[in-house]
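Please treat every number below as a calculation from the coordinates, not as lab data. All of these numbers come straight from a predicted model, not from anything done at the bench. Positions of Cβ are generated from backbone atoms using ideal geometry, with glycine treated the same way; all protein chains shown enter the neighbour counts.
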Amino acid sequence: MRRFADGAARPVLVRLAAFGLLLAVGAGPVSLALDAAGEIDAARERLDKAREVAARPAAVPPLSAPDGGALAAAFRDRLDALAAGRAVVVDAAALEVDPARPDLPRLRATLRGTGAGLHGLMQALETGGPLMAVEEADLGLDRPADAEIGRPTVMRLALTVRGVIAGKVPDKIPEPRRIP
């Protein structure tokens with residue numbers, strides 16, 4: 001058996017050592033590159049989520065006011081504004097404190113108008129800002145149509161929605177404003 005002393009195996013050992021050294025030196029950057037690739041993938045996922053959030057429509061704020069009186073007035077003003085462009089009349093609007101949820105009082109309204117006018121008002125009320133969650137809506141006939149004189153059917157809508165009191169909860173229920 002020959003010994004390694006003659007030098008024939010020395011070039012093989014030098015090459016193996018050089019290959020090991022290159023492998024050790026190259027492993028650091030390769031490891032860093034793999035870590036960077038993982039970070040890039042995570043950043044892409046966060047960017048995709050941020051794009052999804054940005055593409056969503058903006059949230060419509062709820063009808064709110066600092067106190068009960070201001071909330072009732074805001075509700076009435078919103079109803080008057082929606083009724084102005086439609087064949088609808090607001091008969092009454094009032095605030096009713098809910099003992100179970102004093103910060104989310106009920107707002108009640110009675111309206112009269114044509115079926116199309118009341119439908120448009122309800123759609124605008126539920127989809128436009130400020131947002132109101134309709135709890136109850138009772139639609140009934142107030143006056144039938146009269147074809148001879150061209151009078152349309154008049155419907156009556158009793159409506160209950162929720163508002164939000166952002167400040168102090170009201171101590172008493174404000175009186176509803178009525179149209180004479």
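Miscellaneous remarks
- Sorted peptide list for 102-114, 31-43, criterion being average Cβ within 10 angstrom, highest first: 102-114, 31-43
- Cα gyration tensor category, rounded, prolate or oblate, for the range 55-116 with a/c compared to 1.5: oblate
- The H on the amide N of L131, modeled in the peptide plane, is under 5 Å from the matching H of L63, each at least 5 residues off or on a different chain.
- For R46, net neighbour charge (Lys/Arg +1, Asp/Glu -1) across residues whose Cβ lies under 12 Å away: -2
- Gyration tensor (alpha-carbon) shape descriptor, the range 91-131, a/c threshold 1.5: oblate
- Whole-Hz Karplus values for the range 99-112 come out as x, 6, 9, x, 7, 10, x, 7, 10, 10, 9, 10, 10, 10 Hz, taken residue by residue from phi with 6.51 cos²θ - 1.76 cosθ + 1.60 and θ = phi - 60°; glycine and proline positions read x.
- The residues neighbouring G113, those whose beta-carbon lies less than 14 Å from its own, together hold a net charge of +2 under the Lys/Arg +1, Asp/Glu -1 convention.
- Cα gyration tensor, the range 64-178 - rounded (a/c under 1.5), prolate or oblate: prolate
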